[in-house]
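**Student:** Provided herewith is a single structure, encoded as structure tokens, for subsequent inquiry.
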Amino acid sequence: MSLADARKLAAAKDYAGAEAAYQHLLARDLSHASPDALKNEQEACVLELADIYVAQHNAAKLRNFIPQSTDYMAALAKAKTAKVLRALIDKFAGVPDSLQDQIAVCRDAIAFADREKRVFLSHSLTLKLAALQYQDTNYNEALKLIGTLLSQFKKLDDKPSLVDVHLLEAKVYHKLRNLPKAKAALTASRTAANSIYCPTATVADLDLMSGILHCEDKDYKTAYSYFYEAFEAFHNLSTPKSYDCACQVLNYMLLTKIMLNLIDDVKTILAAKYTRETYQSRGIDAMKAVAEAYNNRSLQEFNAALTTYQAELRADDLVRSHFNALYDTLLESNLCKIIEPFECVEISHISKMIGLDAQQVEGKLSQMILDKVFFGVLDQGNGWLYVYDTPHTDATYDSALELVGELNKVVDQLFEKASVLY
């Protein structure tokens, strides 16, 4: 049985036969094998057998196989063993609902690296474990691993690894809503990145994180510029995750334009060639529906969009948090639009027009009056709202007060000088 035969069985989707063939090839004794061709064949067998388990979504077999693979790779060079081991753990991501298995396998691999005293392999696997803990929302454990890695990488002055660790630290602190520490970590990551050459994917991740943090600060104009840079980078990449990342960033670009109330820019982005031909999805359709609702100042259309595209709009934390703020803004805008032609209007009528509960509408109107969004009085006994014109303040009073203040300073200075004479 040769490697070519095993590949034919795998291509024909005879996974049981292919698995047996690969296991037979891996069982050969290569301890005294000198030709590099045999060692390369052994490496190919390990990776291709893992691909079969991934294709079958067989997390249990893959979890047991990865620790065993270190025995099969005993004849390989240390650098190649580390490369194959990292590749096997990365392949595990293709198996659905296998996050806990990935964490367990990663811990086993770290234990193997520690036993073999392979420091750099242990560091890279620990970084992978921290990323998996972040995905598992186990943020405290991720921060502990990050702290350990930072102390090690700073001793080694390993700038590429420092970029990755600080970037992951920024992501963790953002999820914990500790924005000052997230910004500090991102600044440290950019500082390390400026002194070395960074891969395009890493630069795109840095730009994406910068855009997210500016979005949290409500600096949407700057956030859009970072998102655009990240989108260009992901669009030109051909990695497995680049398309999904580009779709996500495109949604963020549309979100910033909606928050800035630049609906014409949203239409321009949606009409662009790359959006129409490459990135058509329900997520883009959701943003389009929200933009139209916001442009029409229609709360009913906005709620309809949230209901229709609930999975797309509620899945992302950044989009969800900003849409909650957008809902309040749109509610205020819609109420102002409804009460604009009236001097006195029944709250029940406003409730009927906006499609919300009368008590909820009354509470929001009360808040808007206190915030001086408009001037009016609520007559709760009759259920009426009186709307007044915005009062115009006379600048004369402010000018008079300023003049009196300046005169007071002059008199005080004259008094001080006169007191010196006596």
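The values are calculated or read from the model by the stated rules, or taken from the named source; none is laboratory data. This structure is a prediction, so every number in the text was calculated from the model and none was measured. With ideal geometry, Cβ positions are generated from the backbone for all residues, glycine too; neighbour counts draw on all protein chains shown. Heads up: the accessible areas ignore ligands, DNA and RNA and are worked out on the full protein's heavy atoms, side chains in. Shrake-Rupley method; radii C 1.70, N 1.55, O 1.52, S 1.80 Å.
**Student:** Which one of the conditions (1) open to solvent by less than 10 Å² (accessible area, probe 1.4 Å); (2) of a type in the set (Phe, Trp, Tyr); (3) modelled with pLDDT of 90 or more does PHE92 fail to meet, given that it meets all the rest?
**Tutor:** The failed condition is (3).
**Student:** Can I ask one more? In the stretch 272-326, what residues are outside any helix (DSSP H, G or I) and closer than 17 Å to CYS215 by Cα?
**Tutor:** ASP316
**Student:** A further question on this structure: Determine the pairs where a residue that is touching a residue at least 24 places away in the same chain (Cβ under 8 Å), located within the stretch 132-147, has a partner that is open to solvent by less than 40 Å² (accessible area, probe 1.4 Å) and of a type in the set (S, T, N, Q) with Cβ atoms under 7 Å apart, the partner being 6 or more residues away or on another chain.
**Tutor:** Close Cβ pairs satisfying both conditions: LEU132/GLN102; ALA142/GLN133.
**Student:** Also, I was wondering about something else. Test each condition in (1) more than 26 Å from ASP158 (Cβ to Cβ); (2) in contact with a helix residue (DSSP H, G or I) (Cβ under 6 Å, 6 or more places away or on another chain) for ASP97 and report the one that comes out false.
**Tutor:** (2)
**Student:** If you don't mind, another one. Return the residue satisfying two criteria in turn: it lies in the stretch 378-399 and is among the charged types (D, E, K, R) and outside any strand (DSSP E or B), and of such residues it is most open to solvent (accessible area, probe 1.4 Å).
**Tutor:** Only one residue fits best here, namely ASP389.
**Student:** Let me confirm something: among GLU332, GLU343, GLU402, GLU416, which residue is open to solvent by 90 Å² or more (accessible area, probe 1.4 Å) and in contact (Cβ under 8 Å) with a residue 40 or more places away in the chain?
**Tutor:** GLU343
**Student:** Follow-up. Give the residue, chosen from TYR226, TYR173, that is touching a residue at least 12 places away in the same chain (Cβ under 8 Å) and farther than 22 Å from LYS154 by Cα.
**Tutor:** The match here is TYR226.
**Student:** Is it the case that THR308 is of a type in the set (Val, Ile, Thr) and exposed (fewer than 15 other Cβ atoms within 10 Å of the Cβ)?
**Tutor:** Answer is yes for this residue.
**Student:** Also, quick follow-up: Can you list the helices (runs of 4 or more DSSP H) lying wholly within the stretch 185-271 that have 1 or more residues being closer than 27 Å to LEU162 by Cβ, open to solvent by 50 Å² or more (accessible area, probe 1.4 Å) and among the hydroxyl-bearing types (Ser, Thr, Tyr)?
**Tutor:** Because the criterion is at least 1 residues that are closer than 27 Å to LEU162 by Cβ, open to solvent by 50 Å² or more (accessible area, probe 1.4 Å) and among the hydroxyl-bearing types (Ser, Thr, Tyr), the helices (runs of 4 or more DSSP H) in the stretch 185-271 that meet it are 200-216, 220-236.
**Student:** Another question, then. Under 8 Å between Cβ atoms, at least 6 apart or on separate chains: pull out the pairs that start in the stretch 256-268 with a residue that is in contact (Cβ under 8 Å) with a residue 40 or more places away in the chain and end on any residue that is open to solvent by 70 Å² or more (accessible area, probe 1.4 Å).
**Tutor:** Qualifying pairs under 8 Å: THR256/LYS221; MET259/LYS218; LEU260/LYS221.
**Student:** Taking the stretch 161-178, which residues are in a helix (DSSP H, G or I) and exposed (fewer than 15 other Cβ atoms within 10 Å of the Cβ)?
**Tutor:** LYS175
**Student:** Same structure again: Quick test of your reading of the structure: LEU99 fulfils all but one of (1) surrounded by fewer than 22 Cβ atoms within 10 Å (Cβ to Cβ); (2) touching a Lys or Arg at 6+ places or on another chain (Cβ under 6 Å). Name the failing condition by number.
**Tutor:** All conditions are met except number (2).
**Student:** Please verify whether the stretch 316-328 includes one or more residues that are within 19 Å of the chain's Cα centre (by Cα) and of a type in the set (Ser, Thr, Tyr).
**Tutor:** yes
**Student:** While we're looking at this one, here's another question. Before we move on, is PHE120 more than 27 Å from ASN58 (Cα to Cα), of a type in the set (Phe, Trp, Tyr), in a helix (DSSP H, G or I) and open to solvent by 60 Å² or more (accessible area, probe 1.4 Å)?
**Tutor:** Yes; evaluated as a whole, the condition is true for this residue.
**Student:** Further question on the same structure: Within the stretch 49-65, which residues are under 18 Å from LYS83 (Cβ atoms) and open to solvent by 40 Å² or more (accessible area, probe 1.4 Å)?
**Tutor:** The answer is ASP51, and nothing else.
**Student:** Condition first: outside any loop (DSSP other than H, G, I, E, B), more than 23 Å from HIS392 (Cα to Cα), in contact with a helix residue (DSSP H, G or I) (Cβ under 7 Å, 6 or more places away or on another chain) and open to solvent by less than 70 Å² (accessible area, probe 1.4 Å). Now tell me which residues in the stretch 349-377 satisfy that.
**Tutor:** Once the filter is applied, which keeps residues that are outside any loop (DSSP other than H, G, I, E, B), more than 23 Å from HIS392 (Cα to Cα), in contact with a helix residue (DSSP H, G or I) (Cβ under 7 Å, 6 or more places away or on another chain) and open to solvent by less than 70 Å² (accessible area, probe 1.4 Å), the stretch 349-377 yields ILE350, SER351, ILE354, ALA358, VAL361, GLU362, LYS364.
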